[in-house]
Amino acid sequence: MSWVKHELKEVGLVTLYFLSCFGIILTLRKLFLADYQIKVYALSAAVVGALMAAKIALLLGHTRAGTRFDVALTHHAKTPLGWHALFYPGGFLHVSKSGDAWSPMPWRAVQRVAWMTLSREPRV
């Protein structure tokens with residue numbers, strides 16, 4: 001029973017939002033078609049569409065679409081491998097790193113760290 005309450009609470013507000021949006025669109029459609037004496041009954045389509053759109057929006061909100069990585073590239077002139085590339089999950093530079101590589105050329109350092117990071121098994 002608590003699952004049903006949770007589902008109604010979570011889906012309810014999003015459904016109301018989509019229902020109001022679809023209702024406005026369908027009202028405009030009905031008013032436009034009334035000029036041509038065409039009757040349209042679309043309330044059930046608006047309700048079903050709002051429920052489907054709300055559920056899809058909530059499911060996509062909980063779906064992992066992939067990991068976004070950022071790169072930090074720094075030049076260290078006093079070392080033979082002067083360029084250091086650091087891959088980290090987007091927005092977490094000082095928290096965690098996914099990989100790093102050194103190279104005399106900046107593009108090569110980025111290429112190496114990208115290959116090392118993306119070819120690894122994903123962490124769950």
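The values are calculated or read from the model by the stated rules, or taken from the named source; none is laboratory data. All figures in this text were calculated on a predicted structure; none of them were measured in a lab. FYI the Cβ positions are ideal-geometry reconstructions off the backbone, even for glycines, and counts take in every protein chain you see.
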Checklist outcome for this item: Taking first residues from region 31-54 that are without any contact (Cβ under 8 Å) to a residue 60 or more places away in the chain and second residues anywhere that are surrounded by fewer than 15 Cβ atoms within 10 Å (Cβ to Cβ) and assigned to a loop (DSSP other than H, G, I, E, B), the pairs with Cβ under 7 Å that are 6 or more apart or on different chains are 33/40
Next on the checklist: One residue is enough: does region 57-71 have a residue meeting the conditions surrounded by 14 or more Cβ atoms within 10 Å (Cβ to Cβ) and farther than 30 Å from residue 119 by Cβ?
Outcome noted: yes
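Tally up the residues in region 33-56 that are of a type in the set (Lys, Arg), surrounded by 10 or more Cβ atoms within 10 Å (Cβ to Cβ) and in a loop (DSSP other than H, G, I, E, B), please. Working first, answer last.
Step one: filter region 33-56 for residues of a type in the set (Lys, Arg), giving 39, 55.
Okay, now just the ones that are also surrounded by 10 or more Cβ atoms within 10 Å (Cβ to Cβ), so 55.
Add one more test, that the residue is in a loop (DSSP other than H, G, I, E, B), and what stays is none.
Matching residues across region 33-56 total 0.
Please verify whether residue 25 is of a type in the set (A, V, I, L, M) and either surrounded by 11 or more Cβ atoms within 10 Å (Cβ to Cβ) or at pLDDT below 85 (or both), treating the condition exactly as stated.
yes
Counting only residues that are assigned to a loop (DSSP other than H, G, I, E, B), within 26 Å of the chain's Cα centre (by Cα) and among the aliphatic types (A, V, I, L, M), which one in region 58-102 is modelled with the highest pLDDT? Reasoning before the result, please.
Taking region 58-102 and keeping what is assigned to a loop (DSSP other than H, G, I, E, B), we get 62-68, 76-82, 90-98.
Then drop every residue that is not within 26 Å of the chain's Cα centre (by Cα), which leaves 62-68, 90-98.
After this cut, where a residue has to be among the aliphatic types (A, V, I, L, M) as well, the list is 65, 93, 95.
Working: 65: 59, 93: 54, 95: 56.
Result: 65.
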Next on the checklist: Suppose the filter is over 30 Å from residue 89 (Cα atoms), of a type in the set (Gly, Ala, Ser) and assigned by TED's automatic domain parsing to the domain that holds residue 6; does residue 45 pass it?
Outcome noted: yes
Checklist entry - Which of (1) modelled with pLDDT of 85 or more; (2) out of contact with any helix residue (DSSP H, G or I) (no Cβ under 8 Å at 6 or more places or on another chain); (3) loosely packed, with under 11 Cβ neighbours inside 10 Å is the odd one out, the single condition residue 30 does not satisfy? => result (3)
